[in-house]
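Following: one structure in structure tokens, then a few remarks.
The values are calculated or read from the model by the stated rules, or taken from the named source; none is laboratory data. Since the structure is predicted, the reported quantities are computational estimates derived from the model, not experimental observations. Glycine also receives a Cβ, built like all others from the backbone with ideal geometry; neighbour counts cover every protein chain displayed.
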Amino acid sequence: MDCGIQVPSSCLLCAIGTECMDHLFFQCEYAKEVWEFFFATTSFAPPLDFTNALLWSKAPSPNDKLSVICKLIFHASVYEIWKQRNARLFGSSPPKSATQSIKEIQTIIRCKLAGLDCEATSLRQRATHRRQEVQPSYLHHWFEFFQRNPVPQAQHQQTQPLPPLISSL
Ligand SMILES: [Zn+2]
């Protein structure tokens with residue numbers, strides 16, 4: 001679609017790759033840093049091309065709560081990467097590093113999960129007449145599998161090698 005805006009053909013996040021959906025969202029170093037942060041230490045790993053990752057996001061785990069968390073990470077990461085690409089194209093907001101984007105994604109997801117846990121608690125309280133086993137919360141799963149502190153890329157490279165790329169390749 002031609003909307004009169006000149007868009008460079010090279011990736012706005014790394015200035016190395018050619019901008020296409022697979023590069024921008026998965027193969028770019030910026031995107032890789034985001035995906036590796038959330039998934040490299042877990043057994044949940046999206047394929048690194050957009051079409052298959054979208055299919056993966058429909059059922060990423062047999063565990064319902066982990067599935068919801070993986071979907072949230074997927075959607076929040078794609079949204080944040082797109083937002084950062086547009087920040088560089090339009091100058092609409094200060095561009096963020098991948099580490100800053102990871103922190104932003106973590107905050108968004110924790111807020112969403114806290115809301116889901118509140119809803120689940122409320123539903124449980126309304127159904128107190130039925131005997132129900134209390135399941136671990138969304139936030140419990142989040143902190144067990146996904147929460148850790150991002151290390152800025154430069155510092156990360158000095159202190160330890162990057163973890164191997166997502167295993168489903
Ligand atoms: Zn790139």
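Observations on the model:
- Taken over the range 132-161, the criterion of being loosely packed, with under 13 Cβ neighbours inside 10 Å and at pLDDT below 60 is satisfied by ALA154, GLN155, GLN157, GLN158, THR159, GLN160, PRO161.
- Members of the range 3-16 that are within 10 Å of the ligand (Cβ to nearest atom) and at pLDDT below 90: none
- Among the candidates LEU55, LEU89, LEU72, residue that is over 15 Å from PRO150 (Cβ atoms) and modelled with pLDDT of 95 or more: LEU72
- Candidates GLU19, GLU80, filtered to the one that is within 15 Å of the ligand (Cβ to nearest atom), among the charged types (D, E, K, R), farther than 24 Å from PHE146 by Cα and touching a Lys or Arg at 6+ places or on another chain (Cβ under 9 Å): GLU19
- Selection from the range 32-63 of residues that are free of Cβ contacts under 8 Å to residues at least 60 places away in the same chain, within 16 Å of the ligand (Cβ to nearest atom) and among the hydrophobic types (A, V, I, L, M, F, W, C): PHE50
- Spans of helices (runs of 4 or more DSSP H) in the range 8-115 with at least 2 residues among the acidic types (Asp, Glu), out of contact with any Ser or Thr (no Cβ under 6 Å at 6 or more places or on another chain) and surrounded by 14 or more Cβ atoms within 10 Å (Cβ to Cβ): 29-39
- Any hit, the range 118-128, residues being at pLDDT below 95 and part of a loop (DSSP other than H, G, I, E, B): yes
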